[in-house]
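Student: The structure's right below; bear with me while I get my questions together.
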Amino acid sequence: MFYISLAVLVVQNASLILSIRYVRTLPGERFFATTAVVMAELLKGATCLLVKQFALFLYDAVVVQYVDTLKLAVPSLIYTLQNNLQYVAISNLPAATFQVTYQLKILTTAVFSVLMLRKSLSRLQWVSLLLLFTGVAVVQVEQGQVGGGSSPGAAQQSYAVGLVAVVVSCLSSGLAGVYFEKILKGSSASVWLRNVQLGIFGTLLGLLGMWWAEGAAVAAQGFFHGYSPLVWGVILNQAFGGLLVAVVVKYADNILKGFATSLSIVASTVASIYILSVTLPYAAIEGWGPGSQDSWVLSLTLGGEWGLVVRAA
Ligand code: C5P
(Lines give C-alpha, C1' and ligand atoms only; values in the text may rest on other atoms or scores of the structure.)
Protein backbone atom coordinates (compact mmCIF):
# COMPACT_ATOMS: atom_id res chain seq x y z
CA MET A 1 0.00 0.00 0.00
CA PHE A 2 2.96 2.34 0.78
CA TYR A 3 4.33 2.20 -2.79
CA ILE A 4 0.93 2.07 -4.46
CA SER A 5 -0.27 5.16 -2.60
CA LEU A 6 2.91 7.06 -3.55
CA ALA A 7 2.59 6.04 -7.21
CA VAL A 8 -1.06 7.06 -7.36
CA LEU A 9 -0.19 10.39 -5.67
CA VAL A 10 2.43 11.18 -8.29
CA VAL A 11 -0.01 10.59 -11.16
CA GLN A 12 -2.88 12.39 -9.40
CA ASN A 13 -0.79 15.46 -8.58
CA ALA A 14 0.54 15.86 -12.07
CA SER A 15 -2.91 15.49 -13.62
CA LEU A 16 -4.43 17.90 -11.07
CA ILE A 17 -2.00 20.71 -11.83
CA LEU A 18 -2.36 20.21 -15.56
CA SER A 19 -6.15 20.06 -15.43
CA ILE A 20 -6.38 23.19 -13.22
CA ARG A 21 -4.13 25.02 -15.64
CA TYR A 22 -6.26 23.80 -18.56
CA VAL A 23 -9.66 24.86 -17.14
CA ARG A 24 -8.31 28.22 -15.93
CA THR A 25 -6.95 29.12 -19.36
CA LEU A 26 -10.00 28.10 -21.40
CA PRO A 27 -11.70 30.97 -23.25
CA GLY A 28 -15.12 32.05 -21.94
CA GLU A 29 -16.59 32.54 -18.47
CA ARG A 30 -14.32 31.45 -15.64
CA PHE A 31 -15.65 29.54 -12.64
CA PHE A 32 -15.02 30.78 -9.10
CA ALA A 33 -11.96 29.05 -7.75
CA THR A 34 -13.21 29.46 -4.16
CA THR A 35 -16.37 27.45 -4.93
CA ALA A 36 -14.23 24.68 -6.40
CA VAL A 37 -12.31 24.53 -3.11
CA VAL A 38 -15.59 24.30 -1.14
CA MET A 39 -16.95 21.58 -3.43
CA ALA A 40 -13.77 19.50 -3.18
CA GLU A 41 -13.93 19.63 0.64
CA LEU A 42 -17.60 18.70 0.62
CA LEU A 43 -17.01 15.76 -1.73
CA LYS A 44 -14.08 14.53 0.35
CA GLY A 45 -16.11 14.58 3.54
CA ALA A 46 -19.14 12.87 1.96
CA THR A 47 -16.99 10.18 0.35
CA CYS A 48 -15.20 9.41 3.61
CA LEU A 49 -18.51 9.20 5.42
CA LEU A 50 -19.93 6.81 2.83
CA VAL A 51 -16.79 4.69 2.60
CA LYS A 52 -16.48 4.51 6.39
CA GLN A 53 -20.12 3.55 6.85
CA PHE A 54 -19.99 1.03 4.01
CA ALA A 55 -16.69 -0.47 5.19
CA LEU A 56 -18.00 -0.78 8.76
CA PHE A 57 -21.21 -2.34 7.50
CA LEU A 58 -19.38 -4.80 5.26
CA TYR A 59 -16.87 -5.68 7.99
CA ASP A 60 -19.69 -6.41 10.42
CA ALA A 61 -21.90 -8.26 7.93
CA VAL A 62 -19.21 -10.28 6.18
CA VAL A 63 -16.41 -10.79 8.75
CA VAL A 64 -17.96 -10.49 12.23
CA GLN A 65 -21.02 -12.51 11.24
CA TYR A 66 -18.91 -15.01 9.34
CA VAL A 67 -21.25 -17.94 10.05
CA ASP A 68 -23.94 -16.13 8.10
CA THR A 69 -21.45 -15.46 5.27
CA LEU A 70 -20.43 -19.13 5.18
CA LYS A 71 -24.01 -20.11 4.35
CA LEU A 72 -23.50 -18.57 0.92
CA ALA A 73 -20.58 -20.88 0.17
CA VAL A 74 -22.96 -23.68 -0.84
CA PRO A 75 -25.00 -21.90 -3.56
CA SER A 76 -21.83 -20.14 -4.67
CA LEU A 77 -20.03 -23.45 -5.23
CA ILE A 78 -22.99 -24.83 -7.19
CA TYR A 79 -23.37 -21.65 -9.26
CA THR A 80 -19.63 -21.65 -10.08
CA LEU A 81 -19.93 -25.23 -11.32
CA GLN A 82 -23.05 -24.31 -13.30
CA ASN A 83 -21.49 -21.21 -14.89
CA ASN A 84 -18.49 -23.25 -16.06
CA LEU A 85 -20.66 -26.13 -17.31
CA GLN A 86 -22.76 -23.69 -19.30
CA TYR A 87 -19.71 -22.78 -21.37
CA VAL A 88 -19.04 -26.51 -21.94
CA ALA A 89 -22.68 -27.13 -22.95
CA ILE A 90 -22.97 -24.13 -25.28
CA SER A 91 -19.64 -24.98 -26.91
CA ASN A 92 -20.89 -28.51 -27.71
CA LEU A 93 -24.57 -28.04 -28.59
CA PRO A 94 -26.36 -25.90 -31.17
CA ALA A 95 -27.68 -22.79 -29.38
CA ALA A 96 -31.36 -23.64 -29.91
CA THR A 97 -30.92 -27.19 -28.60
CA PHE A 98 -29.10 -25.87 -25.55
CA GLN A 99 -31.72 -23.21 -24.93
CA VAL A 100 -34.65 -25.64 -25.07
CA THR A 101 -32.94 -28.42 -23.10
CA TYR A 102 -31.81 -25.93 -20.45
CA GLN A 103 -35.49 -25.22 -19.73
CA LEU A 104 -35.50 -28.52 -17.85
CA LYS A 105 -34.18 -26.38 -15.00
CA ILE A 106 -37.76 -25.31 -14.33
CA LEU A 107 -38.59 -28.92 -13.49
CA THR A 108 -35.56 -29.30 -11.21
CA THR A 109 -36.34 -25.91 -9.62
CA ALA A 110 -39.93 -27.02 -8.94
CA VAL A 111 -38.78 -30.28 -7.36
CA PHE A 112 -36.23 -28.51 -5.13
CA SER A 113 -38.80 -25.82 -4.22
CA VAL A 114 -41.23 -28.49 -3.08
CA LEU A 115 -38.54 -30.37 -1.14
CA MET A 116 -36.63 -27.46 0.42
CA LEU A 117 -39.13 -24.61 0.62
CA ARG A 118 -42.21 -26.76 1.20
CA LYS A 119 -43.96 -25.07 -1.71
CA SER A 120 -47.01 -26.80 -3.10
CA LEU A 121 -47.88 -26.76 -6.78
CA SER A 122 -51.33 -26.97 -8.27
CA ARG A 123 -52.30 -29.75 -10.66
CA LEU A 124 -52.19 -27.26 -13.54
CA GLN A 125 -48.63 -26.30 -12.61
CA TRP A 126 -47.52 -29.95 -12.55
CA VAL A 127 -49.19 -30.50 -15.94
CA SER A 128 -47.29 -27.47 -17.31
CA LEU A 129 -44.04 -28.99 -16.07
CA LEU A 130 -44.90 -32.32 -17.69
CA LEU A 131 -45.60 -30.53 -20.98
CA LEU A 132 -42.25 -28.82 -20.69
CA PHE A 133 -40.52 -32.14 -20.12
CA THR A 134 -42.27 -33.60 -23.18
CA GLY A 135 -41.15 -30.64 -25.29
CA VAL A 136 -37.54 -31.13 -24.26
CA ALA A 137 -37.77 -34.87 -24.99
CA VAL A 138 -39.18 -34.13 -28.48
CA VAL A 139 -36.22 -31.86 -29.23
CA GLN A 140 -33.81 -34.56 -28.11
CA VAL A 141 -35.47 -37.25 -30.24
CA GLU A 142 -35.45 -34.96 -33.29
CA GLN A 143 -31.79 -34.12 -32.77
CA GLY A 144 -31.10 -37.87 -32.66
CA GLN A 145 -32.98 -38.43 -35.92
CA VAL A 146 -31.40 -35.63 -37.93
CA GLY A 147 -27.97 -36.25 -36.44
CA GLY A 148 -27.80 -32.84 -34.67
CA GLY A 149 -24.90 -30.33 -34.75
CA SER A 150 -24.06 -30.10 -38.43
CA SER A 151 -22.95 -26.52 -37.91
CA PRO A 152 -19.46 -25.23 -38.73
CA GLY A 153 -16.90 -26.53 -36.28
CA ALA A 154 -19.16 -29.49 -35.43
CA ALA A 155 -16.18 -31.84 -35.75
CA GLN A 156 -14.74 -30.69 -32.40
CA GLN A 157 -18.15 -30.77 -30.73
CA SER A 158 -19.49 -33.68 -28.73
CA TYR A 159 -23.24 -33.93 -28.41
CA ALA A 160 -22.95 -36.35 -25.47
CA VAL A 161 -20.61 -34.04 -23.52
CA GLY A 162 -22.94 -31.10 -24.19
CA LEU A 163 -25.97 -33.05 -23.07
CA VAL A 164 -24.37 -34.21 -19.81
CA ALA A 165 -23.19 -30.64 -19.14
CA VAL A 166 -26.63 -29.17 -19.72
CA VAL A 167 -28.40 -31.79 -17.56
CA VAL A 168 -25.97 -31.23 -14.66
CA SER A 169 -26.42 -27.44 -15.17
CA CYS A 170 -30.18 -27.90 -14.80
CA LEU A 171 -29.70 -29.75 -11.52
CA SER A 172 -27.29 -27.05 -10.31
CA SER A 173 -29.58 -24.25 -11.38
CA GLY A 174 -32.52 -25.73 -9.48
CA LEU A 175 -30.55 -26.50 -6.32
CA ALA A 176 -28.51 -23.27 -6.18
CA GLY A 177 -31.51 -21.10 -7.04
CA VAL A 178 -33.72 -22.60 -4.37
CA TYR A 179 -30.88 -22.58 -1.81
CA PHE A 180 -30.28 -18.89 -2.51
CA GLU A 181 -34.01 -18.17 -2.28
CA LYS A 182 -34.17 -19.91 1.10
CA ILE A 183 -31.27 -17.83 2.46
CA LEU A 184 -32.59 -14.59 0.95
CA LYS A 185 -36.13 -14.96 2.21
CA GLY A 186 -35.10 -16.49 5.53
CA SER A 187 -33.51 -13.28 6.88
CA SER A 188 -33.79 -9.52 6.55
CA ALA A 189 -30.33 -9.08 4.96
CA SER A 190 -30.50 -7.17 1.69
CA VAL A 191 -30.18 -8.79 -1.70
CA TRP A 192 -27.04 -6.65 -2.26
CA LEU A 193 -25.27 -7.94 0.84
CA ARG A 194 -26.20 -11.50 -0.13
CA ASN A 195 -24.69 -10.94 -3.55
CA VAL A 196 -21.49 -9.49 -2.09
CA GLN A 197 -21.19 -12.65 0.04
CA LEU A 198 -22.02 -14.83 -2.97
CA GLY A 199 -19.50 -12.91 -5.09
CA ILE A 200 -16.66 -13.36 -2.56
CA PHE A 201 -17.02 -17.14 -2.66
CA GLY A 202 -17.77 -17.13 -6.38
CA THR A 203 -14.50 -15.33 -7.14
CA LEU A 204 -12.42 -17.59 -4.89
CA LEU A 205 -14.04 -20.81 -6.13
CA GLY A 206 -13.89 -19.61 -9.74
CA LEU A 207 -10.15 -18.96 -9.35
CA LEU A 208 -9.72 -22.44 -7.86
CA GLY A 209 -11.60 -23.97 -10.81
CA MET A 210 -9.48 -21.96 -13.25
CA TRP A 211 -6.24 -23.10 -11.60
CA TRP A 212 -7.40 -26.74 -11.55
CA ALA A 213 -8.75 -26.92 -15.11
CA GLU A 214 -6.61 -24.46 -17.10
CA GLY A 215 -3.95 -23.20 -14.65
CA ALA A 216 -0.92 -24.01 -16.80
CA ALA A 217 -2.38 -22.51 -19.97
CA VAL A 218 -3.51 -19.35 -18.16
CA ALA A 219 -0.04 -18.98 -16.58
CA ALA A 220 1.61 -19.38 -19.98
CA GLN A 221 -0.69 -17.14 -22.01
CA GLY A 222 -2.03 -14.68 -19.45
CA PHE A 223 -5.38 -14.18 -17.73
CA PHE A 224 -6.77 -11.88 -20.40
CA HIS A 225 -5.55 -13.92 -23.37
CA GLY A 226 -8.04 -13.68 -26.27
CA TYR A 227 -10.26 -11.09 -24.61
CA SER A 228 -12.00 -8.92 -27.21
CA PRO A 229 -14.66 -6.23 -26.72
CA LEU A 230 -17.24 -8.95 -27.49
CA VAL A 231 -15.88 -11.18 -24.73
CA TRP A 232 -16.16 -8.22 -22.33
CA GLY A 233 -19.74 -7.85 -23.55
CA VAL A 234 -20.50 -11.49 -22.69
CA ILE A 235 -18.97 -11.08 -19.23
CA LEU A 236 -20.91 -7.85 -18.52
CA ASN A 237 -24.12 -9.50 -19.75
CA GLN A 238 -23.59 -12.48 -17.47
CA ALA A 239 -22.85 -10.29 -14.45
CA PHE A 240 -25.85 -8.06 -15.08
CA GLY A 241 -28.03 -11.15 -15.68
CA GLY A 242 -26.91 -12.61 -12.34
CA LEU A 243 -27.92 -9.47 -10.46
CA LEU A 244 -31.23 -9.48 -12.30
CA VAL A 245 -31.83 -13.10 -11.22
CA ALA A 246 -31.17 -12.12 -7.60
CA VAL A 247 -33.70 -9.27 -7.75
CA VAL A 248 -36.33 -11.45 -9.50
CA VAL A 249 -35.90 -14.21 -6.90
CA LYS A 250 -36.36 -11.63 -4.14
CA TYR A 251 -39.60 -10.20 -5.49
CA ALA A 252 -40.99 -13.35 -7.18
CA ASP A 253 -39.52 -16.85 -7.01
CA ASN A 254 -37.35 -19.26 -8.97
CA ILE A 255 -40.18 -21.14 -10.69
CA LEU A 256 -41.69 -17.91 -12.00
CA LYS A 257 -38.22 -16.80 -13.10
CA GLY A 258 -37.89 -20.04 -15.08
CA PHE A 259 -41.21 -19.62 -16.87
CA ALA A 260 -40.46 -15.95 -17.58
CA THR A 261 -37.16 -16.78 -19.25
CA SER A 262 -38.68 -19.64 -21.24
CA LEU A 263 -41.44 -17.30 -22.39
CA SER A 264 -38.69 -15.21 -23.94
CA ILE A 265 -37.90 -18.16 -26.26
CA VAL A 266 -41.52 -18.21 -27.47
CA ALA A 267 -41.53 -14.42 -27.84
CA SER A 268 -38.30 -14.38 -29.84
CA THR A 269 -39.53 -17.23 -32.06
CA VAL A 270 -42.80 -15.45 -32.84
CA ALA A 271 -40.86 -12.22 -33.43
CA SER A 272 -38.46 -14.04 -35.80
CA ILE A 273 -41.38 -15.43 -37.83
CA TYR A 274 -43.02 -12.06 -38.12
CA ILE A 275 -40.13 -9.63 -38.31
CA LEU A 276 -37.38 -11.75 -39.87
CA SER A 277 -39.73 -14.00 -41.92
CA VAL A 278 -38.11 -17.07 -40.42
CA THR A 279 -40.05 -20.23 -41.31
CA LEU A 280 -40.23 -23.15 -38.94
CA PRO A 281 -40.40 -26.64 -40.49
CA TYR A 282 -43.30 -27.69 -38.30
CA ALA A 283 -45.17 -24.56 -37.35
CA ALA A 284 -46.71 -21.63 -39.12
CA ILE A 285 -48.74 -18.75 -37.81
CA GLU A 286 -52.25 -18.82 -39.27
CA GLY A 287 -53.33 -15.59 -37.74
CA TRP A 288 -53.64 -13.63 -34.55
CA GLY A 289 -55.76 -10.92 -33.10
CA PRO A 290 -58.43 -10.14 -30.54
CA GLY A 291 -60.75 -13.03 -29.71
CA SER A 292 -64.06 -13.05 -27.92
CA GLN A 293 -64.56 -11.88 -24.33
CA ASP A 294 -61.43 -9.77 -23.85
CA SER A 295 -59.11 -12.53 -24.98
CA TRP A 296 -56.27 -12.54 -27.44
CA VAL A 297 -55.86 -15.43 -29.86
CA LEU A 298 -52.89 -16.85 -31.77
CA SER A 299 -53.56 -19.75 -34.13
CA LEU A 300 -50.83 -21.97 -35.48
CA THR A 301 -50.67 -24.98 -37.76
CA LEU A 302 -48.26 -27.67 -36.73
CA GLY A 303 -46.72 -30.16 -39.14
CA GLY A 304 -49.21 -29.11 -41.83
CA GLU A 305 -51.98 -31.12 -40.16
CA TRP A 306 -52.55 -29.99 -36.62
CA GLY A 307 -54.09 -26.73 -35.59
CA LEU A 308 -53.27 -25.07 -32.30
CA VAL A 309 -55.07 -22.09 -30.87
CA VAL A 310 -53.48 -20.22 -27.99
CA ARG A 311 -55.94 -18.03 -26.15
CA ALA A 312 -54.80 -15.53 -23.54
CA ALA A 313 -57.36 -13.94 -21.24
O1 C5P B 1 -29.87 -20.34 -15.40
P2 C5P B 1 -30.05 -19.78 -14.04
O3 C5P B 1 -31.21 -18.86 -13.93
O4 C5P B 1 -29.98 -20.79 -12.94
O5 C5P B 1 -28.75 -18.86 -13.86
C6 C5P B 1 -28.59 -18.06 -12.76
C7 C5P B 1 -27.38 -17.17 -12.96
O8 C5P B 1 -27.49 -16.07 -12.08
C9 C5P B 1 -26.05 -17.84 -12.66
O10 C5P B 1 -25.12 -17.41 -13.60
C11 C5P B 1 -25.69 -17.33 -11.28
O12 C5P B 1 -24.29 -17.24 -11.10
C13 C5P B 1 -26.33 -15.95 -11.28
N14 C5P B 1 -26.78 -15.50 -9.94
C15 C5P B 1 -26.15 -14.43 -9.33
N16 C5P B 1 -26.58 -13.97 -8.13
C17 C5P B 1 -27.61 -14.58 -7.52
C18 C5P B 1 -28.27 -15.66 -8.12
C19 C5P B 1 -27.82 -16.10 -9.34
O20 C5P B 1 -25.20 -13.87 -9.90
N21 C5P B 1 -28.00 -14.12 -6.34
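The values are calculated or read from the model by the stated rules, or taken from the named source; none is laboratory data. None of the values given here were measured: they were computed from a predicted structure. For neighbour counting, all protein chains shown are included, and Cβ atoms are generated from backbone atoms with ideal geometry for every residue, glycine included. Protein only, heavy atoms only, side chains kept; ligands, DNA and RNA dropped before computing areas. Shrake-Rupley method; radii C 1.70, N 1.55, O 1.52, S 1.80 Å.
Student: Which lysines does Lys52 reach when only Cα atoms under 18 Å apart count, and residues fewer than 8 places away in its own chain are ignored?
Tutor: Within reach: Lys44.
Student: Which value in deg cm²/dmol, rounded to the nearest 500, describes the helix-derived mean residue ellipticity at 222 nm for the chain, given -39,500 (n - 2.57) per DSSP H run of n ≥ 4 and division by the residue count?
Tutor: Using -39500 (n - 2.57) per qualifying helix, the result is -24000 deg cm²/dmol.
Student: Among Val11, Ser172, Asn84, flag the residue with its Cα farthest along the positive direction of the charge dipole of the chain, charges on Cβ as +1 for Lys/Arg and -1 for Asp/Glu.
Tutor: Val11
Student: Could you give me the percent of Cα pairs per 20 Å distance bin for the chain, shortest bin first, beginning at zero and ending with the bin that holds the maximum distance?
Tutor: 22, 46, 25, 7, 0
Student: Right, next: Take the Cβ-Cβ distance between Ser272 and Ala217 as r, set R0 to 25 Å, and report the resulting FRET efficiency rounded to the nearest 0.05. Mind dumping the intermediate values first?
Tutor: On the way: r = 38 Å, r/R0 = 1.51.
That gives a FRET efficiency of 0.10.
Student: Which of Ala217, Ala110, Ala46 ends up with the largest GNM mean-square fluctuation for the chain, with Cα atoms connected below 10 Å?
Tutor: Top of the fluctuation ranking is Ala46.
Student: I'd like the distance between the alpha-carbon centres of segment 102-133 and segment 170-246, rounded to an integer number of Å.
Tutor: Here the two parts' Cα centres lie 25 Å apart.
Student: Ignoring ligands, DNA and RNA, how do Phe57, Phe32, Phe224 rank by accessible area with a 1.4 Å probe, largest first?
Tutor: Details: Phe57 100, Phe32 145, Phe224 120 Å².
Of Phe57, Phe32, Phe224, the descending order of accessible area is Phe32, Phe224, Phe57.
Student: Under unit Cβ charges (Lys, Arg +1; Asp, Glu -1), what dipole magnitude, rounded to 20 debye, does the chain have relative to its Cα centre? Working shown, then result.
Tutor: Details: 16 positive and 11 negative charges, 160 e Å.
Dipole of the chain, to the nearest 20 debye: 760 debye.
Student: A follow-up question, please. Can you sort Arg24, Arg118, Arg30, Arg194 by 1.4 Å-probe accessible area, starting with the largest?
Tutor: On the way: Arg24 60, Arg118 195, Arg30 140, Arg194 0 Å².
If we order Arg24, Arg118, Arg30, Arg194 from most to least accessible, we get Arg118, Arg30, Arg24, Arg194.
Student: Next up: On C-alpha positions alone, give me the angle between the axis of helix 159-185 and the longest principal axis of the chain, in degrees, nearest 10.
Tutor: Once rounded, one gets 60 degrees.
Student: Right, next: Which residue, Leu72, Leu298, Leu208, has the most motion in a Gaussian network model of the chain that connects Cα atoms within less than 10 Å?
Tutor: Checking each option, the largest mean-square fluctuation is seen for Leu298.
Student: Same structure again: What nm value, rounded to one decimal, do you get for the distance between Arg311 and Val62 when each label is placed 7 Å out toward the C-beta?
Tutor: If labels sit at Arg311 and Val62, their model points lie 5.5 nm apart.
Student: While we're here: Restricting everything to alpha-carbon atoms, can you work out Rg to Rh for segment 167-274 with a Kirkwood hydrodynamic radius? Can you show the working numbers first?
Tutor: Working: Rg = 17.1 Å, Rh = 16.5 Å.
Computed over Cα atoms, the ratio is 1.04.
Student: Mean-square fluctuation check for the chain, GNM, Cα pairs under 10 Å: which of Gly202, Gly45, Gly215 is largest?
Tutor: Most flexible of the set in this elastic network: Gly45.
Student: Let me ask something else. Trp126: accessible area at probe 1.4 Å, nearest 10 Å²?
Tutor: Accessible area of Trp126: about 100 Å².
Student: Find the all-direction average of the projected area of the Cα convex hull for segment 1-126, expressing the result in square nanometres with one decimal place.
Tutor: Computed as one quarter of the Cα hull surface, the answer is 17.5 nm².
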